[in-house]
1. Go through (1) among the small types (Gly, Ala, Ser); (2) surrounded by fewer than 21 Cβ atoms within 10 Å (Cβ to Cβ); (3) at pLDDT 95 or above for residue 172 and report which single condition fails.
2. Please enumerate the residues belonging to the stretch 117-156 that are aromatic (Phe, Trp, Tyr) and crowded, with 17+ Cβ neighbours inside 10 Å.
3. Could you check, for the stretch 272-282, whether at least one of its residues is modelled with pLDDT under 85 and surrounded by fewer than 17 Cβ atoms within 10 Å (Cβ to Cβ)?
4. From (1) of a type outside the set (Lys, Arg); (2) on the phi > 0 side of the Ramachandran plot; (3) under 25 Å from the mean Cα position of the chain (by Cα), pick out the condition that doesn't hold for residue 97.
5. In the list 181, 229, which residue meets the criterion of being crowded, with 17+ Cβ neighbours inside 10 Å, more than 20 Å from residue 317 (Cβ to Cβ) and either touching a residue at least 60 places away in the same chain (Cβ under 8 Å) or of a type in the set (A, V, I, L, M, F, W, C) (or both)?
6. I need the full set of residues from the stretch 276-324 which are touching a residue at least 12 places away in the same chain (Cβ under 8 Å) and of a type in the set (S, T, N, Q), in order please.
Amino acid sequence: MNSEAYYPAIGPALPKHIKKGHQLIFSRQDLSAREADLFALMMAHMKEPDWHHNTPVYRFSCSQLSEWLEIDSRHVASVLSPVAERLSMRQVGLRALSDKGEEEFDYIPFFKRLAYKDGHLVMIPNDELRTEYIEYNQGFALINTRHFFHLKKEYSKRLYELLSRFKTDGTAMKSQNIDDLKGLFGLLDEKGRLKADKSSFKNNSVFMKRCIRDSIEEIATNPQTRKELLFLTSDKGEKGYRLIKRGRKIVGIEFLYRWLESATVQELNDQDAKETIRKLELKRLQSGEKLTVAELRRLADAYRAVEHFETADEIEQSIACREQEAARSQAQENAQDEDFEAMLARLETLKDMSEHPQY
């Protein structure tokens with residue numbers, strides 16, 4: 001190994017978050033679950049100052065890999081060797097627009113080198129991806145590292161990454177063209193054609209089941225991720241998404257979800273949560289008062305703190321329905337205001353034509 005290479009310090013604790021830039025999140029990637037875990041392990045430890053020297057080299061011991069990836073220490077090399085071999089050949093497809101406004105893709109290998117020597121996994125990222133690795137001009141995703149590792153399916157991990165890009169209030173992943181989504185899930189080649197080994201996904205029903213519904217189901221039922229991410233039900237009964245159709249053809253998908261305030265849930269001790277449930281449920285059931293949205297959020301957090309997740313999810317669904325009704329009502333009011341303004345403009349035109357008769 002190059003003696004001038006820079007080896008960032010790898011501490012004993014697994015970093016809480018993986019920070020990935022928008023361009024890297026919305027790139028075309030085709031990683032198995034294990035490959036995604038290895039790549040995430042490097043990204044969790046990567047920091048911008050690592051690149052101030054030479055190309056950083058990330059070195060993980062057998063014991064670290066065993067603990068963090070939950071692999072028997074006796075089998076780390078045999079389990080990770082084929083994974084590292086495949087990952088060393090993987091490329092990332094970066095989207096760009098040409099000067100003529102045409103869409104382009106550039107496929108670049110993730111790594112310069114991957115090796116397992118002397119009981120250590122050595123990962124050297126590709127310098128050509130330096131900008132994508134550490135610059136966040138278009139924003140970034142903050143992905144919970146342990147929760148990512150606890151998801152077992154490759155497409156669940158990918159969806160979790162994508163949704164992690166939009167966590168703050170007022171931001172959500174906009175509806176996605178279905179072909180763009182197939183690219184993000186690693187099903188398409190650089191020319192936008194279905195890859196030879198992904199032929200089963202030619203049928204949209206297979207894509208919807210394996211990439212969308214199965215992924216939502218795993219994230220929604222995983223003991224870790226269900227505490228931070230809630231999937232809402234569409235008016236058609238679809239959990240976590242709404243289909244966008246042109247005629248009978250599916251052309252896009254809008255994901256219906258909300259990130260939960262996990263810190264609020266953690267701050268509630270068992271007794272506080274029970275008291276909150278008692279007060280608000282009595283107010284609702286005995287007094288017949290309709291709880292405000294803020295009160296409903298407190299009630300959902302309290303139920304979640306005592307691990308009554310189904311009731312918490314039911315309350316969250318009610319909140320979502322109220323917010324949708326409020327949005328529709330506001331849209332109608334805006335439309336009425338616009339109609340009134342248009343009517344006033346027409347009246348002014350008529351007044352001019354009638355030479356402003358007196359009232």
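1. With respect to (1) among the small types (Gly, Ala, Ser); (2) surrounded by fewer than 21 Cβ atoms within 10 Å (Cβ to Cβ); (3) at pLDDT 95 or above, residue 172 is out only on (3).
2. Taking the stretch 117-156 first, the residues aromatic (Phe, Trp, Tyr) are 133, 136, 140, 148-149, 155.
133, 140, 148, 149, 155, listed by residue number.
3. Yes, because at least one residue in the stretch 272-282 is modelled with pLDDT under 85 and surrounded by fewer than 17 Cβ atoms within 10 Å (Cβ to Cβ).
4. Of (1) of a type outside the set (Lys, Arg); (2) on the phi > 0 side of the Ramachandran plot; (3) under 25 Å from the mean Cα position of the chain (by Cα), only one is false for residue 97: (2).
5. Working: 229 fails: more than 20 Å from residue 317 (Cβ to Cβ).
Just one listed residue meets the conditions, 181.
6. The answer is 276, 317, 318.
The values are calculated or read from the model by the stated rules, or taken from the named source; none is laboratory data. Predicted model only: the values in this text are computed from it and were never measured. Counting neighbours? That spans all protein chains shown, and the Cβs are built from the backbone with ideal geometry, glycine included.
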